[in-house]
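For reference, the structure is listed below as C-alpha coordinates.
The values are calculated or read from the model by the stated rules, or taken from the named source; none is laboratory data. Remember, predicted model here, so these are calculated numbers, not experimental data. Glycine also receives a Cβ, built like all others from the backbone with ideal geometry; neighbour counts cover every protein chain displayed. Please note that ligands, DNA and RNA were not included when accessible areas were found on the heavy atoms of the full protein model with its side chains. Shrake-Rupley method; radii C 1.70, N 1.55, O 1.52, S 1.80 Å.
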Amino acid sequence: MAFREVLGFPSDYPFGVEIEVENKNVEDIDRMLKKQSDMKITTKDYNAILERFGKDFADLLAYKCKFVFKENEFSYWLYEHEDTNEFDSRLGAEVISPILYNQKEDLEHLKSVLLMLQENSSEVNENCGVHVHMGAKPFRGSYQKLLNFFLFYIVFEPVFYKLSAMGNFGHVREYALSYANPVGLQMKKGKINQAILENYIKENLNGFPKTNGLHFKGFKINKVSYGSSFEIRVFNGTLDPFVIENYINASLASVAYCVNDSFNQKEYQKRCLEAIQHRKDWVRFEKYVSCADSLVDEFVENVFTNQIDKDYFYLQYSGEYLKKIKRK
(Lines give C-alpha, C1' and ligand atoms only; values in the text may rest on other atoms or scores of the structure.)
Protein backbone atom coordinates (compact mmCIF):
# COMPACT_ATOMS: atom_id res chain seq x y z
CA MET A 1 0.00 0.00 0.00
CA ALA A 2 1.10 3.56 -0.67
CA PHE A 3 2.59 5.19 2.42
CA ARG A 4 0.64 8.19 3.73
CA GLU A 5 2.89 11.09 4.66
CA VAL A 6 0.22 12.42 7.04
CA LEU A 7 -3.05 11.12 8.44
CA GLY A 8 -6.47 12.73 8.69
CA PHE A 9 -6.24 14.74 11.90
CA PRO A 10 -4.44 17.94 13.01
CA SER A 11 -0.66 17.80 13.09
CA ASP A 12 -0.43 19.13 16.66
CA TYR A 13 -2.49 16.32 18.22
CA PRO A 14 -0.11 14.23 20.37
CA PHE A 15 -0.51 10.47 20.37
CA GLY A 16 1.38 7.30 21.17
CA VAL A 17 1.15 3.56 20.72
CA GLU A 18 1.84 0.51 22.86
CA ILE A 19 2.49 -2.62 20.82
CA GLU A 20 2.39 -6.00 22.56
CA VAL A 21 4.51 -8.72 21.00
CA GLU A 22 5.84 -12.17 21.69
CA ASN A 23 9.22 -13.55 20.72
CA LYS A 24 10.20 -17.04 19.65
CA ASN A 25 12.74 -17.44 22.42
CA VAL A 26 13.91 -15.79 25.60
CA GLU A 27 17.27 -14.87 24.06
CA ASP A 28 15.60 -12.44 21.64
CA ILE A 29 14.08 -10.48 24.51
CA ASP A 30 17.25 -10.61 26.60
CA ARG A 31 19.29 -9.33 23.66
CA MET A 32 16.91 -6.41 23.08
CA LEU A 33 16.87 -5.49 26.76
CA LYS A 34 20.66 -5.67 26.95
CA LYS A 35 20.87 -3.41 23.92
CA GLN A 36 18.83 -0.87 25.87
CA SER A 37 20.74 -1.17 29.15
CA ASP A 38 24.05 -0.54 27.38
CA MET A 39 22.86 2.85 26.13
CA LYS A 40 23.43 6.06 28.06
CA ILE A 41 21.65 9.38 27.86
CA THR A 42 23.89 12.42 27.37
CA THR A 43 23.28 15.98 28.52
CA LYS A 44 22.73 16.99 24.89
CA ASP A 45 20.17 14.20 24.47
CA TYR A 46 18.42 15.17 27.68
CA ASN A 47 18.14 18.84 26.74
CA ALA A 48 16.85 18.00 23.27
CA ILE A 49 14.18 15.68 24.68
CA LEU A 50 13.32 18.22 27.38
CA GLU A 51 12.66 20.88 24.74
CA ARG A 52 10.58 18.60 22.50
CA PHE A 53 8.66 16.42 24.96
CA GLY A 54 8.78 18.09 28.38
CA LYS A 55 10.44 17.39 31.71
CA ASP A 56 8.33 14.37 32.68
CA PHE A 57 9.43 12.30 29.71
CA ALA A 58 13.03 13.51 29.80
CA ASP A 59 13.33 12.56 33.48
CA LEU A 60 11.72 9.20 32.84
CA LEU A 61 14.33 8.37 30.21
CA ALA A 62 17.20 9.68 32.29
CA TYR A 63 16.06 7.47 35.16
CA LYS A 64 15.40 4.29 33.18
CA CYS A 65 17.90 4.58 30.32
CA LYS A 66 15.89 1.94 28.47
CA PHE A 67 15.94 2.64 24.76
CA VAL A 68 15.23 0.33 21.84
CA PHE A 69 17.51 2.26 19.54
CA LYS A 70 18.44 5.80 18.65
CA GLU A 71 17.79 6.89 15.08
CA ASN A 72 17.94 10.57 15.91
CA GLU A 73 18.00 12.59 19.10
CA PHE A 74 14.21 12.52 19.54
CA SER A 75 13.48 8.84 18.82
CA TYR A 76 13.34 6.85 22.03
CA TRP A 77 11.11 3.79 22.38
CA LEU A 78 10.82 1.77 25.59
CA TYR A 79 10.96 -2.01 25.29
CA GLU A 80 9.76 -3.82 28.38
CA HIS A 81 8.67 -7.25 29.54
CA GLU A 82 4.91 -7.79 29.28
CA ASP A 83 3.00 -10.81 30.55
CA THR A 84 1.27 -11.51 27.22
CA ASN A 85 2.27 -15.17 27.01
CA GLU A 86 0.17 -17.36 29.31
CA PHE A 87 2.77 -20.15 29.28
CA ASP A 88 6.02 -18.22 29.63
CA SER A 89 5.89 -14.55 30.63
CA ARG A 90 9.56 -14.13 29.62
CA LEU A 91 8.49 -14.31 25.97
CA GLY A 92 6.15 -11.32 26.14
CA ALA A 93 7.16 -7.71 25.60
CA GLU A 94 5.59 -4.31 25.11
CA VAL A 95 7.03 -1.61 22.88
CA ILE A 96 6.07 1.90 24.02
CA SER A 97 6.44 4.92 21.76
CA PRO A 98 7.43 8.42 22.79
CA ILE A 99 4.96 11.21 22.00
CA LEU A 100 4.30 11.19 18.27
CA TYR A 101 2.67 13.73 15.97
CA ASN A 102 0.91 13.56 12.65
CA GLN A 103 3.92 14.33 10.51
CA LYS A 104 5.94 12.44 7.95
CA GLU A 105 9.03 11.98 10.13
CA ASP A 106 7.13 10.40 13.01
CA LEU A 107 5.05 8.10 10.79
CA GLU A 108 8.15 6.93 8.93
CA HIS A 109 9.85 6.27 12.24
CA LEU A 110 6.87 4.24 13.46
CA LYS A 111 7.14 2.14 10.31
CA SER A 112 10.86 1.57 10.89
CA VAL A 113 10.20 0.40 14.47
CA LEU A 114 7.65 -2.15 13.23
CA LEU A 115 10.15 -3.42 10.66
CA MET A 116 12.85 -3.68 13.34
CA LEU A 117 10.52 -5.76 15.52
CA GLN A 118 9.80 -8.13 12.64
CA GLU A 119 13.51 -8.51 11.93
CA ASN A 120 14.17 -9.38 15.58
CA SER A 121 11.79 -12.37 15.70
CA SER A 122 8.89 -10.49 17.22
CA GLU A 123 5.40 -11.65 16.31
CA VAL A 124 1.82 -11.22 17.45
CA ASN A 125 -0.86 -13.72 18.32
CA GLU A 126 -4.21 -13.63 20.07
CA ASN A 127 -2.59 -12.67 23.37
CA CYS A 128 -1.32 -9.38 21.92
CA GLY A 129 -2.99 -6.00 21.46
CA VAL A 130 -2.26 -2.47 20.28
CA HIS A 131 -3.23 0.48 22.49
CA VAL A 132 -3.58 3.94 20.93
CA HIS A 133 -2.92 6.77 23.40
CA MET A 134 -4.35 10.24 22.91
CA GLY A 135 -3.18 13.32 24.75
CA ALA A 136 -5.35 15.92 26.48
CA LYS A 137 -4.39 18.81 24.19
CA PRO A 138 -7.30 18.57 21.67
CA PHE A 139 -9.87 18.98 24.48
CA ARG A 140 -8.44 22.37 25.56
CA GLY A 141 -9.17 21.69 29.23
CA SER A 142 -12.87 21.08 28.60
CA TYR A 143 -14.64 18.08 30.08
CA GLN A 144 -17.54 18.87 27.77
CA LYS A 145 -15.32 18.30 24.72
CA LEU A 146 -14.07 15.06 26.25
CA LEU A 147 -17.67 14.06 26.99
CA ASN A 148 -18.43 14.51 23.29
CA PHE A 149 -15.81 11.89 22.45
CA PHE A 150 -16.97 9.57 25.23
CA LEU A 151 -20.52 9.62 23.86
CA PHE A 152 -19.33 9.23 20.28
CA TYR A 153 -17.17 6.27 21.18
CA ILE A 154 -20.00 4.43 22.91
CA VAL A 155 -22.34 4.94 19.94
CA PHE A 156 -19.72 3.69 17.47
CA GLU A 157 -18.11 0.94 19.57
CA PRO A 158 -19.14 -1.75 17.06
CA VAL A 159 -17.18 0.05 14.31
CA PHE A 160 -14.01 0.12 16.42
CA TYR A 161 -14.37 -3.58 17.20
CA LYS A 162 -14.87 -4.54 13.57
CA LEU A 163 -11.91 -2.40 12.44
CA SER A 164 -9.86 -4.33 15.01
CA ALA A 165 -11.25 -7.69 13.88
CA MET A 166 -10.26 -7.04 10.27
CA GLY A 167 -6.74 -5.98 11.21
CA ASN A 168 -5.29 -9.46 10.96
CA PHE A 169 -7.34 -12.26 12.58
CA GLY A 170 -10.80 -11.69 11.12
CA HIS A 171 -12.31 -11.59 14.61
CA VAL A 172 -11.80 -9.82 17.92
CA ARG A 173 -9.69 -11.99 20.19
CA GLU A 174 -11.59 -13.52 23.10
CA TYR A 175 -8.56 -12.60 25.22
CA ALA A 176 -9.68 -9.00 24.79
CA LEU A 177 -12.42 -9.71 27.35
CA SER A 178 -9.64 -9.39 29.91
CA TYR A 179 -8.85 -5.77 29.06
CA ALA A 180 -11.11 -4.30 26.35
CA ASN A 181 -14.73 -4.77 27.37
CA PRO A 182 -17.32 -2.49 25.73
CA VAL A 183 -17.63 0.78 27.62
CA GLY A 184 -21.36 1.02 26.97
CA LEU A 185 -21.96 -2.11 29.03
CA GLN A 186 -20.39 -0.42 32.05
CA MET A 187 -22.79 2.52 31.98
CA LYS A 188 -25.82 2.47 34.27
CA LYS A 189 -29.22 3.60 33.11
CA GLY A 190 -29.69 7.32 32.72
CA LYS A 191 -28.18 10.15 30.72
CA ILE A 192 -24.41 10.14 30.46
CA ASN A 193 -23.24 13.59 31.57
CA GLN A 194 -20.03 15.24 32.72
CA ALA A 195 -20.41 14.01 36.30
CA ILE A 196 -20.64 10.40 35.14
CA LEU A 197 -17.60 10.85 32.89
CA GLU A 198 -15.56 12.43 35.69
CA ASN A 199 -16.47 9.57 38.02
CA TYR A 200 -15.48 7.04 35.35
CA ILE A 201 -12.09 8.77 34.99
CA LYS A 202 -11.67 8.90 38.78
CA GLU A 203 -12.26 5.16 39.01
CA ASN A 204 -9.69 4.61 36.25
CA LEU A 205 -7.15 6.73 38.11
CA ASN A 206 -7.72 4.53 41.16
CA GLY A 207 -7.07 1.41 39.12
CA PHE A 208 -10.65 0.35 38.37
CA PRO A 209 -11.91 -0.92 36.05
CA LYS A 210 -8.86 -2.27 34.25
CA THR A 211 -10.81 -4.24 31.68
CA ASN A 212 -12.56 -1.59 29.58
CA GLY A 213 -11.81 -0.69 25.97
CA LEU A 214 -11.47 3.01 26.85
CA HIS A 215 -9.17 3.68 29.78
CA PHE A 216 -8.12 6.92 31.47
CA LYS A 217 -5.44 5.83 33.93
CA GLY A 218 -2.97 8.71 34.26
CA PHE A 219 -5.20 11.20 32.42
CA LYS A 220 -5.52 14.83 33.52
CA ILE A 221 -7.65 17.16 31.43
CA ASN A 222 -5.45 20.23 31.99
CA LYS A 223 -2.09 18.50 31.61
CA VAL A 224 -0.72 18.30 28.07
CA SER A 225 2.79 16.99 28.79
CA TYR A 226 3.92 13.38 28.44
CA GLY A 227 2.09 10.97 30.71
CA SER A 228 -1.36 12.57 30.53
CA SER A 229 -3.24 10.48 28.02
CA PHE A 230 -6.06 8.00 27.70
CA GLU A 231 -6.13 4.92 25.53
CA ILE A 232 -8.33 2.91 23.22
CA ARG A 233 -7.49 -0.70 24.03
CA VAL A 234 -9.74 -2.63 21.64
CA PHE A 235 -7.30 -3.19 18.79
CA ASN A 236 -5.86 -6.57 17.83
CA GLY A 237 -2.09 -6.89 17.95
CA THR A 238 -0.24 -6.36 14.68
CA LEU A 239 3.13 -5.33 13.26
CA ASP A 240 1.57 -4.17 9.99
CA PRO A 241 2.12 -0.40 9.45
CA PHE A 242 -1.00 -0.09 7.28
CA VAL A 243 -3.22 -1.53 10.01
CA ILE A 244 -1.66 0.48 12.84
CA GLU A 245 -1.99 3.67 10.80
CA ASN A 246 -5.71 2.93 10.41
CA TYR A 247 -6.04 2.34 14.16
CA ILE A 248 -4.36 5.67 14.89
CA ASN A 249 -6.26 7.56 12.21
CA ALA A 250 -9.69 6.29 13.25
CA SER A 251 -8.97 7.19 16.90
CA LEU A 252 -7.51 10.67 16.45
CA ALA A 253 -9.77 11.74 13.58
CA SER A 254 -12.72 10.81 15.82
CA VAL A 255 -11.35 13.14 18.47
CA ALA A 256 -11.03 15.94 15.90
CA TYR A 257 -14.67 15.49 14.92
CA CYS A 258 -15.87 15.45 18.51
CA VAL A 259 -14.12 18.64 19.68
CA ASN A 260 -15.67 20.65 16.86
CA ASP A 261 -18.16 23.24 18.09
CA SER A 262 -20.81 21.84 15.77
CA PHE A 263 -20.93 18.50 17.62
CA ASN A 264 -24.50 17.83 18.81
CA GLN A 265 -24.01 16.56 22.35
CA LYS A 266 -27.72 16.28 23.17
CA GLU A 267 -28.33 14.12 20.12
CA TYR A 268 -25.46 11.81 21.05
CA GLN A 269 -26.68 11.54 24.64
CA LYS A 270 -29.99 10.31 23.27
CA ARG A 271 -28.26 7.87 20.92
CA CYS A 272 -26.08 6.57 23.76
CA LEU A 273 -29.13 5.68 25.83
CA GLU A 274 -30.63 3.87 22.87
CA ALA A 275 -27.38 2.01 22.11
CA ILE A 276 -26.85 0.94 25.74
CA GLN A 277 -30.40 -0.36 25.96
CA HIS A 278 -30.15 -2.16 22.61
CA ARG A 279 -26.80 -3.80 23.44
CA LYS A 280 -27.37 -4.68 27.10
CA ASP A 281 -27.50 -8.42 26.39
CA TRP A 282 -24.57 -8.53 23.97
CA VAL A 283 -21.99 -10.75 25.63
CA ARG A 284 -19.67 -11.62 22.74
CA PHE A 285 -17.62 -9.48 20.40
CA GLU A 286 -19.11 -11.22 17.36
CA LYS A 287 -22.36 -9.35 18.00
CA TYR A 288 -20.58 -6.00 17.88
CA VAL A 289 -18.75 -6.93 14.69
CA SER A 290 -21.88 -8.20 12.97
CA CYS A 291 -23.85 -5.05 13.81
CA ALA A 292 -21.19 -2.50 12.84
CA ASP A 293 -22.21 -2.18 9.20
CA SER A 294 -25.33 -0.17 10.03
CA LEU A 295 -23.07 2.51 11.57
CA VAL A 296 -19.93 2.49 9.45
CA ASP A 297 -20.94 4.83 6.61
CA GLU A 298 -22.01 7.52 9.07
CA PHE A 299 -18.78 7.04 11.01
CA VAL A 300 -16.62 7.44 7.91
CA GLU A 301 -18.46 10.50 6.59
CA ASN A 302 -18.29 12.24 9.97
CA VAL A 303 -14.71 11.43 10.81
CA PHE A 304 -12.67 11.49 7.58
CA THR A 305 -12.34 14.51 5.30
CA ASN A 306 -9.84 13.00 2.84
CA GLN A 307 -10.84 10.38 0.28
CA ILE A 308 -7.63 8.39 0.78
CA ASP A 309 -8.42 8.04 4.50
CA LYS A 310 -11.91 6.80 3.66
CA ASP A 311 -10.58 4.35 1.08
CA TYR A 312 -7.88 2.95 3.38
CA PHE A 313 -10.35 2.61 6.25
CA TYR A 314 -12.85 0.71 4.13
CA LEU A 315 -10.11 -1.49 2.67
CA GLN A 316 -9.30 -2.78 6.14
CA TYR A 317 -12.81 -2.66 7.59
CA SER A 318 -14.29 -4.66 4.70
CA GLY A 319 -11.77 -7.48 5.14
CA GLU A 320 -10.32 -6.98 1.65
CA TYR A 321 -6.90 -6.03 3.00
CA LEU A 322 -6.90 -9.11 5.24
CA LYS A 323 -7.65 -11.32 2.23
CA LYS A 324 -4.87 -9.63 0.30
CA ILE A 325 -2.14 -10.22 2.88
CA LYS A 326 -3.26 -13.81 3.51
CA ARG A 327 -2.76 -14.56 -0.19
CA LYS A 328 0.88 -13.51 -0.03
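Within the stretch 111-152, being surrounded by fewer than 19 Cβ atoms within 10 Å (Cβ to Cβ) and not charged (D, E, K, R) holds for Ser112, Leu115, Met116, Gln118, Asn120, Ser121, Asn125, Gly141, Ser142, Tyr143, Gln144. For the condition more than 16 Å from the chain's Cα centre (by Cα) and either closer than 26 Å to Leu315 by Cβ or open to solvent by less than 30 Å² (accessible area, probe 1.4 Å) (or both), Ile196 does not qualify.
Please go through the stretch 233-242 and pick out each residue that is surrounded by fewer than 24 Cβ atoms within 10 Å (Cβ to Cβ) and either in a helix (DSSP H, G or I) or in contact with a Lys or Arg (Cβ under 9 Å, 6 or more places away or on another chain) (or both). Pro241, Phe242 - these are the residues of the stretch 233-242 that are surrounded by fewer than 24 Cβ atoms within 10 Å (Cβ to Cβ) and either in a helix (DSSP H, G or I) or in contact with a Lys or Arg (Cβ under 9 Å, 6 or more places away or on another chain) (or both). For the stretch 218-232, the tally of residues that are open to solvent by 30 Å² or more (accessible area, probe 1.4 Å) and either in contact with a strand residue (DSSP E or B) (Cβ under 8 Å, 6 or more places away or on another chain) or modelled with pLDDT of 95 or more (or both) stands at 2. Here is the figure for the stretch 93-107: residues that are free of Cβ contacts under 8 Å to residues at least 24 places away in the same chain and either open to solvent by 20 Å² or more (accessible area, probe 1.4 Å) or within 15 Å of the chain's Cα centre (by Cα) (or both) total 1.
Report whether or not Val300 is assigned to a helix (DSSP H, G or I), without any contact (Cβ under 8 Å) to a residue 24 or more places away in the chain and crowded, with 16+ Cβ neighbours inside 10 Å. The answer is yes for Val300. Note on the stretch 250-292: residues that are without any contact (Cβ under 8 Å) to a residue 12 or more places away in the chain, more than 29 Å from Asp12 (Cβ to Cβ) and among the acidic types (Asp, Glu) amount to 2. Here Ser254 fits the description: modelled with pLDDT of 95 or more and among the hydroxyl-bearing types (Ser, Thr, Tyr). Checking the stated criteria, Ile201 turns out to be β-branched (Val, Ile, Thr) and surrounded by fewer than 21 Cβ atoms within 10 Å (Cβ to Cβ). With respect to Lys280, determine if the residue is in contact with a helix residue (DSSP H, G or I) (Cβ under 8 Å, 6 or more places away or on another chain) and on the phi < 0 side of the Ramachandran plot. For Lys280, the condition - in contact with a helix residue (DSSP H, G or I) (Cβ under 8 Å, 6 or more places away or on another chain) and on the phi < 0 side of the Ramachandran plot - is met.
Yes/no matrix, rows are residues, columns are (1) closer than 22 Å to Glu267 by Cβ; (2) in contact with a Pro (Cβ under 8 Å, 6 or more places away or on another chain); (3) at pLDDT 90 or above; (4) not aliphatic (A, V, I, L, M):
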| residue | (1), (2), (3), (4) |
| --- | --- |
| Leu91 | no, no, no, no |
| Glu94 | no, no, no, yes |
| Ser122 | no, no, no, yes |
| His171 | no, no, yes, yes |
| Tyr175 | no, no, no, yes |
| Tyr200 | yes, no, yes, yes |
| Glu203 | no, yes, no, yes |
| Gly207 | no, no, no, yes |
